[in-house]
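S.K.: One structure coming up, written as C-alpha cells, with questions to follow.
Each value in this text was obtained by applying a stated rule to the coordinates, not by laboratory testing. Remember, it's a predicted structure, so these values are computed and weren't measured experimentally. When we count neighbours, we look across all protein chains shown, and the Cβ atoms used for this are built from the backbone with ideal geometry, even at glycine.
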Amino acid sequence: MKRSKKQDEILEKTILMPELAKELEKKKQSKWPLVLASFLIVMSSIGLFILYGPISFFRDLWVTSAMTTMSHQYLATMFYNEKTIQEVLARNHIVEVDDTTNPDLIEIDEQERDHTIYKNEYEKQILTKDEDNDLFKLIPISGDTYQGYLVAIYDPSKVKIATTRYLGTRGEAITTVAKREKARVAINAGGFYDPDWNSNGALPHGTVIQNGKIVSDYIDANMGGGFVGFTYDNKLVLGKMSAQEALDMGIRDAVEFGPFLIINGQSSFVKGNGGWGIAPRTAIGQRADGIVLFLVINGRLATSLGADMGDLTEIMENYGAVNAANMDGGSSSELVIDNEIINHPVAAGSQGLRDMPTFWIVTD
C-alpha cells in the first residue's frame, strides 16, 4: 500500500529525531569542558586579584590570620615572600602595655550596685541587674563587623578555671565540662596544641594553675600576653612572669595566653587589625568594682564576620575594664549559660563544639 506524503513525513521524523537528539547531546557535552575551564580561569583570576591585587585588606587578613598560629604559618609563606609578610605585620600589630596588674586598683564592691544616674549606656547595662539573677547578666553586643555577647559576673569569687578530666590525653566539649562542674556560665580559656586545626584538645599551651596548683605546663603559645588569672582575693591579674612568681603572687586560677588588651586602665596600642585578623573571639576582663567581664564574639558568619584586637579592646574599654586579655578564638570561641550554647561556634563535630583543655566557669 502506498504511503501518503504526510505518513512519509511522520516516518522521517520518527527515524531522525533520536539521531538529532543524540547529536544535540554530544554538542552539549562537548561544551562542558569549555565552561568548566572558563569558570576555573575566572576564579583563579579573582583569587590572584585578592591575594596580589592593589587592595591590601584581604592580603593583610590572610597573612595575619596565618602568622598568629603556631602550626599554620605555611598558609602565608606559600603565597608570599618574607619581605611581604613583614610589611603586612608592620601594618598590623599590637604593642602591649609593659606592666603587671596592680591589684590595689580593684576594690570589689559588695554593696548594691543599682544606681539612678549612670555615666553612660554601658554603665547602665552593667549595673542594672536582672530581677531574677544576682549572679550574672547577659548583654548582647554588636559592631560594624561583629555580633556577640558580654556576660557581667557580679561576684568574682565565683570565677575559676576548669579543665578536661583527661588533661594531657584529650580535651572535652564545653557543655560536658559545664554540666559536670555545675557551671552557670562557661567560656573557653587558653590556647592548645592544634597542628591540624582538628586536634583532640589535650595539651594547653603555657602553664595552667587550678586551685593554687600547677596542673599542666606545656610550651607557650608565643602569642604575647602571659599569665591571666585570679588571686585568692578574687582580683584578675595580668603579667609576664614565671609560674613560681604567679604562685607567689597568690594566683589561684590562671592560664597563659594573650595578648593583653588593657592593664591598670591603660590600653595596648593596636595598629591595623592588631596582626590577628578578623575572627570569632573570646576575652576576659575585670572592672575596678570587681565585676568580671566575659566576652564572646561570633565570626565567620554572614551576620558576623568577627572582631579584631582593636574591637575587643574598645568593647572592654566601653564596659569599664581596667584589666583585660584576649583568650583563644576562632573555632574555640564558645559561650554556655545554664547548659545552653548561647553563641554560634564554627567548629565541626558534635553540635559544632571543639574538644578543649581549659575553660573559665562561673558557679553558684
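S.K.: According to the square roots a ≥ b ≥ c of the eigenvalues of the Cα gyration tensor, what is the shape class of region 177-248, taking rounded for a/c under 1.5, prolate for a/b larger than b/c otherwise, and oblate for the remainder? Working shown, then result.
M.R.: Values: a/c = 1.91, a/b = 1.12, b/c = 1.71.
Here region 177-248 falls in the oblate category.
S.K.: Which of the chymotrypsin sites (Phe, Trp or Tyr not before Pro) found in region 162-212 are loop residues per DSSP with 14 or fewer other Cβ atoms within 10 Å of their Cβ?
M.R.: On the way: sites: TYR166, PHE192, TYR193, TRP197; in loops: TYR166, TYR193, TRP197.
Here the chymotrypsin sites (Phe, Trp or Tyr not before Pro) that fit, given the DSSP loop and packing criteria, are TYR166, TRP197.
S.K.: At what distance in nm do the modelled label points of GLU107 and ASP248 sit from each other, each positioned 7 Å from its Cα along Cα→Cβ?
M.R.: Computed distance between label sites GLU107 and ASP248 equals 3.0 nm.
S.K.: Sticking with this one: Counting only other residues whose beta carbon sits under 13 Å from that of ASN188, what net charge do I get with K and R as +1, D and E as -1? Intermediate results must be reported in sequence, preceding the final value.
M.R.: Values: positive: ARG281, ARG354; negative: GLU172, ASP194, ASP328, GLU334, ASP355.
After counting each charged neighbour, the total is -3.
S.K.: Related question: Testing the spin-label approximation: label points 7 Å from Cα along Cα→Cβ at LYS182 and ASP220. State their distance in nm.
M.R.: Using points 7 Å along Cα→Cβ, the separation is 3.8 nm.
S.K.: Filter the trypsin sites (Lys or Arg not before Pro) in region 171-250 to those in DSSP coil with at most 15 other Cβ atoms within 10 Å of their Cβ, and list the result. Let's see the in-between values first.
M.R.: Numbers: sites: LYS179, ARG180, LYS182, ARG184, LYS213, LYS235, LYS240; in loops: LYS182, LYS235, LYS240.
Those that pass, being in a loop and sparsely packed, are LYS182.
S.K.: What is the distance in Å between the Cα centroid of region 126-163 and that of region 202-245?
M.R.: Rounded to whole Å, the Cα centres lie 23 Å apart.
S.K.: Find the centroid of the Cα atoms in region 172-189 and in region 280-311, then give the distance between the two in whole Å.
M.R.: Each part's Cα centre sits 18 Å from the other's.
S.K.: Ok, one more. What distance in nm separates the simple spin-label points at MET78 and LEU301, each placed 7 Å from Cα in the Cβ direction?
M.R.: 2.9 nm
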